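Accompanying notes for the structure given below.
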Amino acid sequence: MSTSLTGIRRCMQTVLHLSDEETARIGPETTAMLVPGWNSLAHVQLMLELERAFGVTFDADEIAALASVGAIIAALERSRT
Amino acid sequence: MEQVTPLVVPQVNVNDDTVLLVRWSVEQYGQVAAGDTVCEVETSKASAEVTADRGGVLVQSAAAPVRVRIGEEIGAIGPTREAAAAYLQARAAPKTAAADGTVKATAKAMARASQEGVSLEAVARSGVHGTIKESDVEKFLAGQAARAQTTAGQARIPPGLAKYVELTGAVPAFDAAVAANLRRSTDHLILASVDADCRLTAAHGIIRQALAGGRMVSLVHLIVAATSRVLPRFPRLMSFAYEGVLYRYRAVDVAFVARTPDGRLYTPVVRSADRADLDGIARVCQAETLRIMRGGVKVEELEGACFTISHVPVGRTTRVVALPSFGQSAILGVSAERPSIELVDGAVVERPLVTLTLSYDHSLCDGVYAASFLAELTSHLERPAP
C-alpha cells in the first residue's frame, strides 16, 4: 500500500504540477475535488502516467470512477492479482 | 467465372501513395452503368470521381471514409452481385496465403499505424519482412513525409512572398485530413452562429458532488448530457443537407473534441447519449479519451455523430466559433469560464459562467431556431432536472 501511495504521489506531482507540500498531503482519502488541477483531461493523463509507472493497464470503462486516491490504490492492487 | 471488373483506386497526384476514399456515390450492391460515378477520392490537393468502366452490380470491399492505396481494389462490378463478390473473395484469398495468413505487427506498430491512418499492408509493401515493428511504421511515415516535402519544395508561391518565408516541411498528414474534412463541410453549408451565456452555479455543484465522491465528472460531460436531452426537439440540428437532399441522424450520438498533448484533434462519440445518465456519459467520455491518448482508435469509431461539442477552456477565451464536421450541420463551442457579477435580492453576487456558441447551417435553420436551442440548453444546465 505504502509503495503504491508513494508512486501515486509521484505521478500526481508530475501530471498535476503539485508542490511538495500539496503532494505530501495526498492520502487514500484524497479525492479529485481536493487537488488543484485534477480535472477530466488531467485525469486521463494521470491514468496514462500511472499505467506507465506501475506497468499496468486500466480498464478504460472504469477510469471515471478512479477520481480518488483510494480507488486508484484498489485498482492497482486488482491489476496485480 | 463471368466477367467482373475490379474497381481500382486511381492516381490523383503523382506524389501520393494513398488517397482518402471519401464516399460511395452508389450504395452497396447498387446497379451502375458504364461512366457512372461510383465514389469520390481525395488527397490534400485534389479530389476526383471514380467512374465505372462497365455496367453491372457494384460490390464494395472498403467502407468510406478510409485511406486507401493507389492501385488498391476497393470493389468490383460484375453482371451479378454473386459474381462480383466471388471475384473479390478469390482476389483476397491468394493475398492472405502469400502473406502467410495476415500481416503481423507488434501492438505498438498497430497503434502507431492506426494513429496515423496508414495501413499495415502499405507498410509491409514498403519492404518490411517479418513482423512489423513500430520503427518500421516510423520509417514508412518518414518516407511519406520526405515525398510530401519534395512536393512542397516544388510548389510555387508568389516570388514577392518567397523572399520573406522559408520552407519548413509538408503539412502533416493528420492535419491535412482534418482540414480536408472541414473544407468539405464548409463548402456545403452557410455558416452562422449565435451565442448565449450560461451560469455554472448548478453545474459546479454537480461536479463538486461527483468529485467528492471520487467520480470524475466535468463540464463537458454535463453539456453532452444536456445537449442530448435537448437535441431531439431540434431535429434540424441533427440533420444535414447534401446535394439538395436532407438527411437526419437516427440516433442522438454526440461527439466531443479531444485534443492530444501533441495537438491532434479527435472527435470521440458518445453513442445514444440521450439514453445514458451523467455517470454513464462521463464514463464513456473518459474511456474514449484514454483510448485516443493510448493510440489505436479506428476511424470508423469516430464516425456517425449528429452533433459535436468543442470546449476550449484556455485563458480568458470568451467565444469559440467552431466549424461543423462534414456530415453535420451544427457544433457547439464552449468558452473558458469567467466570473460575472450579478445583483441578487439587492446583494452583489459573483457567479461563474461560460459562453455557448452554436455554429449552424443557415440553409437548414434560422437564428430564432438556433437561439431557441441555446435557450433550452442553458436552461437545462442552469436548472438541471433532479
- Task: Just give me the residues in segment B:375-386 being surrounded by fewer than 20 Cβ atoms within 10 Å (Cβ to Cβ) and of a type in the set (A, V, I, L, M), in sequence order.
- Result: B:ALA375, B:ALA385
- Item | Single unsatisfied condition, B:TYR164 versus (1) within 16 Å of the chain's Cα centre (by Cα); (2) not assigned by TED's automatic domain parsing to the domain that holds B:GLU342 | (1)
- Message: Suppose we keep only residues that are crowded, with 18+ Cβ neighbours inside 10 Å and either more than 11 Å from the chain's Cα centre (by Cα) or touching a residue at least 60 places away in the same chain (Cβ under 8 Å) (or both) within segment A:55-64. Which one would you say is farthest from A:GLN13 (Cα to Cα)?
- Response: A:ALA60
- Quick check, is A:LEU48 surrounded by fewer than 21 Cβ atoms within 10 Å (Cβ to Cβ), within 14 Å of another protein chain (Cβ to nearest Cβ) and closer than 16 Å to B:ARG294 by Cβ? yes
- State yes or no: is B:ASP197 acidic (Asp, Glu) and over 23 Å from the mean Cα position of the chain (by Cα)? yes
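Counting residues that are without any contact (Cβ under 8 Å) to a residue 40 or more places away in the chain, which strands (runs of 3 or more DSSP E) fully inside segment B:244-325 reach at least 1?
Numbers: elements: B:245-248, B:254-256, B:307-311.
Output list reads B:245-248.
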- Item | segment B:288-347 - residue that is crowded, with 16+ Cβ neighbours inside 10 Å and among the polar types (S, T, N, Q) and, of those, farthest from the other protein chains (Cβ to nearest Cβ) | B:SER329
- Note on the structure: Within segment B:248-286, restricting to residues that are at pLDDT below 95 and of a type in the set (Gly, Ala, Ser), the one that is surrounded by the fewest Cβ atoms within 10 Å (Cβ to Cβ) is B:GLY263
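Taking the stated definitions as given, is B:ALA83 among the aliphatic types (A, V, I, L, M), part of a helix (DSSP H, G or I), modelled with pLDDT of 80 or more and surrounded by fewer than 20 Cβ atoms within 10 Å (Cβ to Cβ)?
Yes.
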- Message: If I ask for residues that are buried (at least 16 other Cβ atoms within 10 Å of the Cβ), assigned to a loop (DSSP other than H, G, I, E, B), in contact (Cβ under 8 Å) with a residue 40 or more places away in the chain and touching a strand residue (DSSP E or B) at 6+ places or on another chain (Cβ under 7 Å), which ones from segment B:28-69 would you list?
- Response: B:ALA52, B:ALA62, B:ALA64, B:PRO65
- Task: Give the number of residues within segment A:6-33 that are surrounded by fewer than 16 Cβ atoms within 10 Å (Cβ to Cβ) and among the aliphatic types (A, V, I, L, M).
- Result: 1
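The values are calculated or read from the model by the stated rules, or taken from the named source; none is laboratory data. Given the structure is predicted, the values throughout are model-derived calculations rather than measurements. Cβ: placed from backbone, ideal geometry, glycine included. Neighbour counts: every protein chain shown.
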